[in-house]
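Enquirer: I have a structure here, written as structure tokens, and I will follow up with some questions on it.
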Amino acid sequence: MSQSKSDDLLEENTFDWNKYLTTKNAEKVPEEFFNHICKSELNGIEAGSILEIENDDQSGYWYAIVCSSKDVLLNLHYFGDDNDQHNFTLEVNSPRIHSLNWGSENDKKLVPPYPERFSRFSNPKVIKEKVEDCEHVVSNAVLQMEGNPIFNIFKCDMLVEVQDKEYPYRVWISKVLKNIGGRLLLQMQGIESPEKEPFWLFYLNERVFPLGWAEQKGLPWRVMNLDADLENNIDSSVLLNLLKIRLRIIDLDEIKFTTQYTT
């Protein structure tokens with residue numbers, strides 16, 4: 001059989017999932033229902049985040065909530081619009097998408113894109129107060145990734161803090177030597193570090209923290225290798241935004257632990 005005929009036969013026999021779902025009036029099950037789906041391709045923009053969207057006519061901007069985030073596409077809904085059918089899609093690299101405070105920093109006015117939909121939100125001050133309560137913040141660094149896998153934000157020579165294997169409240173400043181698909185080759189710094197040889201950890205591993213995490217948390221968290229050389233390292237402050245979901249979970253676990261053993 002010729003190559004062209006084989007290709008034609010393969011094309012004819014290819015199962016069309018979209019056609020099947022339409023025929024059966026069914027919907028596909030979201031990936032989130034399957035734990036085995038690899039999460040390393042996340043772009044760092046989580047559902048529930050708030051962004052500032054410049055109006056089409058550039059007359060001002062309005063807030064939008066991220067409904068879903070997949071690769072370079074964001075499914076958005078304008079803040080204050082009660083109609084669930086008014087979702088819209090933009091690419092992450094759209095010049096209309098900005099992180100919070102972009103409007104105020106660039107002297108832009110808060111102007112609803114469709115005034116008839118936002119009549120109950122006539123006071124910009126009230127709107128801004130509601131938006132400020134949002135815990136999900138998207139940094140400029142994440143937007144600049146333009147939807148690429150967020151693990152690419154880990155660069156060689158960037159410093160992170162790695163949790164001690166035996167003493168969970170101790171962390172060791174470590175340098176990123178390699179980043180292969182989110183797998184980090186790390187080297188603990190300082191002469192007293194317990195792990196002398198480089199070792200691999202996935203970037204979402206529970207032992208990996210941003211540089212400055214222990215100091216921000218305070219006691220009982222402690223950095224053990226204060227002799228680590230912090231000069232000429234790549235700024236890792238963007239990691240606080242990247243790892244924020246897991247860090248919030250750690251905070252909740254600490255609250256549960258404290259409550260359990262003090263009551």
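Enquirer: For the range 173-194, give me the residue count where each residue is over 21 Å from residue 215 (Cα atoms), in contact with a Phe, Trp or Tyr (Cβ under 8 Å, 6 or more places away or on another chain) and without any contact (Cβ under 8 Å) to a residue 40 or more places away in the chain.
Expert: Of the residues in the range 173-194, 4 are over 21 Å from residue 215 (Cα atoms), in contact with a Phe, Trp or Tyr (Cβ under 8 Å, 6 or more places away or on another chain) and without any contact (Cβ under 8 Å) to a residue 40 or more places away in the chain.
Enquirer: So, one more: Just to be sure I understand the filter: pairs with C-beta atoms under 8 Å, separated by 6 or more residues or on different chains, first member in the range 222-233 and surrounded by fewer than 15 Cβ atoms within 10 Å (Cβ to Cβ), second member charged (D, E, K, R) and in a loop (DSSP other than H, G, I, E, B). Which pairs pass?
Expert: 227/192; 232/157
Enquirer: Would you tally the residues in the range 47-73 being in contact with a strand residue (DSSP E or B) (Cβ under 7 Å, 6 or more places away or on another chain) and assigned to a loop (DSSP other than H, G, I, E, B)? Can you show your working first?
Expert: Within the range 47-73, the subset in contact with a strand residue (DSSP E or B) (Cβ under 7 Å, 6 or more places away or on another chain) is 47-55, 60-68, 72-73.
Those left that are additionally assigned to a loop (DSSP other than H, G, I, E, B): 47-49, 55, 60, 72.
Final tally of qualifying residues: 6.
Enquirer: Taking the stated definitions as given, is residue 90 under 16 Å from the mean Cα position of the chain (by Cα), outside any helix (DSSP H, G or I) and surrounded by 12 or more Cβ atoms within 10 Å (Cβ to Cβ)? Let's see the steps before the verdict.
Expert: On the way: under 16 Å from the mean Cα position of the chain (by Cα): no; outside any helix (DSSP H, G or I): yes; surrounded by 12 or more Cβ atoms within 10 Å (Cβ to Cβ): yes.
Spelling it out, it is not the case that residue 90 is under 16 Å from the mean Cα position of the chain (by Cα), outside any helix (DSSP H, G or I) and surrounded by 12 or more Cβ atoms within 10 Å (Cβ to Cβ).
Enquirer: Then there is this: Residues that are among the aliphatic types (A, V, I, L, M) and modelled with pLDDT under 90: which helices (runs of 4 or more DSSP H) entirely in the range 187-263 hold 2 or more of them?
Expert: Values: elements: 213-217, 239-242, 244-262.
Helices (runs of 4 or more DSSP H) meeting the threshold: 239-242, 244-262.
Enquirer: Can I ask one more? Before we move on, is residue 40 modelled with pLDDT under 75, touching a Phe, Trp or Tyr at 6+ places or on another chain (Cβ under 7 Å) and not basic (Lys, Arg)?
Expert: On the way: modelled with pLDDT under 75: yes; touching a Phe, Trp or Tyr at 6+ places or on another chain (Cβ under 7 Å): yes; not basic (Lys, Arg): yes.
Taking the combined requirement at face value, the residue satisfies it.
Enquirer: Any residue at all in the range 74-87 that's part of a helix (DSSP H, G or I), touching a His at 6+ places or on another chain (Cβ under 8 Å), surrounded by fewer than 14 Cβ atoms within 10 Å (Cβ to Cβ) and on the phi < 0 side of the Ramachandran plot? Break it down stepwise before answering.
Expert: Filtering the range 74-87 down to residues part of a helix (DSSP H, G or I) leaves 84-86.
From what is left, the residues that are touching a His at 6+ places or on another chain (Cβ under 8 Å) are 84, 86.
With surrounded by fewer than 14 Cβ atoms within 10 Å (Cβ to Cβ) added as a condition, the list becomes 84, 86.
Filter again for on the phi < 0 side of the Ramachandran plot, leaving 84, 86.
Yes.
Enquirer: Output the qualifying pairs, or none if there are none: Cβ atoms under 9 angstrom, residues six or more apart or on different chains, first residue in the range 103-122 and at pLDDT below 85, second residue of a type in the set (Lys, Arg) and in a helix (DSSP H, G or I).
Expert: 121/130
The values are calculated or read from the model by the stated rules, or taken from the named source; none is laboratory data. Treat the numbers as computed from the prediction; the structure is a model and nothing was measured. Cβ coordinates were reconstructed from backbone atoms using ideal geometry, including for glycine residues, and neighbour counts include every protein chain displayed.
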